[in-house]
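Beneath this line is the structure, given in structure tokens, with notes to follow.
Please treat every number below as a calculation from the coordinates, not as lab data. Given the structure is predicted, the values throughout are model-derived calculations rather than measurements. No Cβ is skipped: glycine too gets one built from the backbone with ideal geometry, and neighbour counts run over all protein chains shown.
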Amino acid sequence: EDQVTQSPEALRLQEGESSSLNCSYTVSGLRGLFWYRQDPGKGPEFLFTLYSAGEEKEKERLKATLTKKESFLHITAPKPEDSATYLCAVRPNDYKLSFGAGTTVTVRA
Amino acid sequence: DTEVTQTPKHLVMGMTNKKSLKCEQHMGHRAMYWYKQKAKKPPELMFVYSYEKLSINESVPSRFSPECPNSSLLNLHLHALQPEDSALYLCASSQVLNQPQHFGDGTRLSIL
């Protein structure tokens, strides 16, 4: 059975304090690993897709990396507006996204 | 602002009511999805439409009835819901099935 585990569950950072979120997965035949950001009361906002080990994607202060068993989302010099829940999802087939439980990031000014 | 628009944003209904949720996208996407998200939990897939045809029903109770009238519109018809159906209902779309999914902001549904 496909499993996606995110850690930590919650992360409190000081503004400018860089950190990383982890997403470990077990899936038979990965067809993509996805990172989303979700703000309270909103839908998930697409950030990145990674397809193969060694791949990296960047957007502003966020950088996502992928290995054969896990993905990391690095937040460099975070700002309060980076506060959100970050969701990792794998796609075991063409249509389904299997989400992890998310990491809630709070950045204090 | 998201390019997937969901209405209404909030809905309160009794267990005997019939209501519908609406989702619209004008990005030319040919795959559309319904998800259910309970508080503090990740989204769970309910239905998948591809080229206006229902492709996947993830064993959803029949009190939820999806409809895709055209390539831009997706509805979810609700009837005789239970209190445990209270949740955020999210619509998503993608160019085709194997492309990244883009979500709307959801309808917050409360069943009295």
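Exactly one of these conditions fails for A:Gly29: (1) over 30 Å from B:Ala87 (Cα atoms); (2) within 14 Å of chain B (Cβ to nearest Cβ); (3) assigned to a strand (DSSP E or B). Give me its number.
Just one mismatch for A:Gly29, condition (3).
Checking the structure you have, find out if any residue of segment B:66-82 is within 11 Å of the chain's Cα centre (by Cα), more than 17 Å from B:Arg30 (Cβ to Cβ) and within 10 Å of chain A (Cβ to nearest Cβ).
No, there is no match, as no residue in segment B:66-82 is within 11 Å of the chain's Cα centre (by Cα), more than 17 Å from B:Arg30 (Cβ to Cβ) and within 10 Å of chain A (Cβ to nearest Cβ).
Take the residues in segment B:40-96 that are polar (S, T, N, Q) and more than 23 Å from B:Met15 (Cβ to Cβ), then tell me which one is surrounded by the most Cβ atoms within 10 Å (Cβ to Cβ).
Top of the filtered list is B:Ser93.
Given (1) part of a strand (DSSP E or B); (2) within 10 Å of chain A (Cβ to nearest Cβ), where does B:Ser110 come up short, assuming only one miss?
(2)
Residues A:Lys42, A:Lys57: which one is surrounded by 14 or more Cβ atoms within 10 Å (Cβ to Cβ), of a type outside the set (Phe, Trp, Tyr), at the interface with chain B (Cβ under 10 Å from one of its Cβ atoms) and within 25 Å of B:Tyr33 (Cβ to Cβ)?
Details: A:Lys57 fails: at the interface with chain B (Cβ under 10 Å from one of its Cβ atoms).
Criteria check complete, one pass: A:Lys42.
Within segment A:94-109, count every residue that is more than 11 Å from the chain's Cα centre (by Cα) and facing chain B (nearest Cβ under 9 Å).
The qualifying residues number 5.
Can you list the strands (runs of 3 or more DSSP E) lying wholly within segment B:1-96 that have 2 or more residues being without any contact (Cβ under 8 Å) to a residue 60 or more places away in the chain? Write out each step before concluding.
Numbers: elements: B:4-7, B:10-13, B:18-25, B:31-37, B:44-50, B:53-57, B:64-70, B:73-79, B:87-94.
Per the criteria, B:18-25, B:31-37, B:44-50, B:53-57, B:64-70, B:73-79, B:87-94.
List, please: which pairs have Cβ atoms under 8 Å, are six or more places apart or on different chains, and start with a residue in segment A:1-22 that is in contact (Cβ under 8 Å) with a residue 12 or more places away in the chain and end with one that is of a type in the set (Asp, Glu)?
Qualifying pairs under 8 Å: A:Asn22/A:Glu70.
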